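Student: Provided herewith is a single structure, encoded as structure tokens, for subsequent inquiry.
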Amino acid sequence: MSDNGGRPRRVLDVAFGVRDQWGAPPGVTHCCDMMTSNVDLECHRCSDRYECTDNLVTFIARWQEYGLIIHDGGTSYVTIDFCPWCGARLPESQSDRWFDELEELGIDASDVDNIPEDYLTDRWLSRSDPVSG
């Protein structure tokens, strides 16, 4: 699991449906064709990208975070800063900002039912001010 400042990422990933996320939302471009093909890979034998050994990379759109999947039976991954294929610098992860904004709003990130809908997707990134609920 990636270093996340002690925040409960594994619980959050499962709760927010990362296991169901197969790549980026429409319109998201990645640094190269190899990254795109790996992020968007859909295995027709496996229903869970984290269990499929053909899936090497994950992209968490909500946090703009890329990671190498650790096939350990869970949703673990190690965040990466550079593309393993073309070497391009990847966007800075926004996970700390996400947690900070929720904390500023007085929302417990582990209480999924109280998180504003925009914060469950990448829509919160386009806001200049945090959503108030």
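The values are calculated or read from the model by the stated rules, or taken from the named source; none is laboratory data. Please read all numbers here as calculations on a predicted model, not as lab measurements. FYI the Cβ positions are ideal-geometry reconstructions off the backbone, even for glycines, and counts take in every protein chain you see. Calculation scope for accessible area: heavy atoms of the full protein, side chains included, ligands and nucleic acids excluded. Shrake-Rupley method; radii C 1.70, N 1.55, O 1.52, S 1.80 Å.
Student: Looking at (1) open to solvent by 10 Å² or more (accessible area, probe 1.4 Å); (2) in a loop (DSSP other than H, G, I, E, B); (3) among the charged types (D, E, K, R), which one does Arg49 not meet, given that it meets all the others?
Tutor: Answer for Arg49: the failing condition is (1).
Student: So, one more: Of everything in region 81-100, what is buried (at least 16 other Cβ atoms within 10 Å of the Cβ) and in contact with a Phe, Trp or Tyr (Cβ under 7 Å, 6 or more places away or on another chain)? Give them in sequence order.
Tutor: Leu90, Ser93, Gln94, Ser95, Trp98 - these are the residues of region 81-100 that are buried (at least 16 other Cβ atoms within 10 Å of the Cβ) and in contact with a Phe, Trp or Tyr (Cβ under 7 Å, 6 or more places away or on another chain).
Student: Of the numbered conditions (1) surrounded by 12 or more Cβ atoms within 10 Å (Cβ to Cβ); (2) over 30 Å from Glu42 (Cβ atoms); (3) of a type in the set (Asp, Glu), Asp122 satisfies every one except a single condition; which is it?
Tutor: For Asp122, the exception is condition (2).
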